Amino acid sequence: MGNTFKTAFLLTALTLLLMFIGRAFGGQNGMLLALAFAAVLNFVSYFFSDKIALKMYRARPMTREELPRAYQIVERLTQRIGIPMPKMYVIPTDSPNAFATGRNPAHASVAMTQGILNLLNDDEMEGVLAHELGHVRNRDILISSIAATIAGAITYLAEMGRWAMIFGGYERNDNDRGGGGGLAALFMLIVAPIAAMLIQLAVSRSREYQADATGAHLTGNPYALASALQKLDAYSRRVPMAASPSTAHLFIVQPLLGMNFGNLFSTHPPIAKRIERLTGRPAEFQQ
């Protein structure tokens, strides 16, 4: 129920925010246009956010023959927790990472990068896949996928607004509303990206701890997931992933390391803290 409420809250907040942006840029007509856009975006976010995320990273569907090791692990885990087998995808990049997406366990997908398949041993791979299936079982995947679509849309709208102001929208709004419109538009250009970031922060950090705990419980081996997280953190720093800020929160480890401005702006808890929670020991002492 918690995630259902969060999803409804997120979609309602998006609608109100878009209407506010529409009013700032185009008055009453702008607000009505934004309402129509929000209705379409809400529909797309709910039903197609998983496909958008997979397409964004050029994820390719994989058969059991192409991905036997991962398929065997996922089949074993899904039978253990009683959820349907998700669709399996591979992302063509050497940076090691993974994410789960979809609107519910019956429409779930798990995507892994080529890098993670090459890097992890069987136990570590099981830990990562159990973490991702933890997101599926905890029904995090809908809200995280919707947040990715919404954050991307808000950022895109802010970018469009910036260009509109550069090419004359700012002055026109100023004249129409006695000088207040341009300030409102400028305010929204600052607020929109911040709103997108807050959406990501609102849905991410506690989810990662919860999925780690679920994954460790499923496998009975928290040390394997801790070891996987340590490897993923180290190797993803060496081979950074070209990821969109709007989808950074989907991945098991933060892909945008070059844009990480400390914990406040991070969509993930620190890896050291996650390892400490899994093993009960400070990360520095992990082998």
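Where a number appears in this text, it was derived from the coordinates with a stated rule and is not lab data. Remember, it's a predicted structure, so these values are computed and weren't measured experimentally. Glycine also receives a Cβ, built like all others from the backbone with ideal geometry; neighbour counts cover every protein chain displayed.
Between ALA13 and TYR46, the simple spin-label model (points 7 angstrom out along Cα→Cβ) gives 1.9 nm. Counting beta carbons within 10 Å around each of HIS131, HIS217, HIS107, HIS268 and listing the fewest first gives the order HIS217, HIS107, HIS268, HIS131. For LYS273, the lysines whose Cα comes closer than 30 Å to its Cα, not counting residues fewer than 8 places off in the same chain, are LYS6, LYS231.
At a Förster distance of 30 Å, what's the computed FRET efficiency of GLU66 paired with GLN210, Cβ-Cβ distance as r, to 0.05?
0.45
Test of understanding: what is the full-extension gain from ARG281 to GLU75, defined as 0.36 nm times their sequence separation minus their Cα-Cα distance?
Residue separation times 0.36 nm, minus the Cα-Cα distance, leaves 71.0 nm.
For the range 1-120, the antiparallel share of DSSP beta bridges with both residues in that region comes to about 60%.
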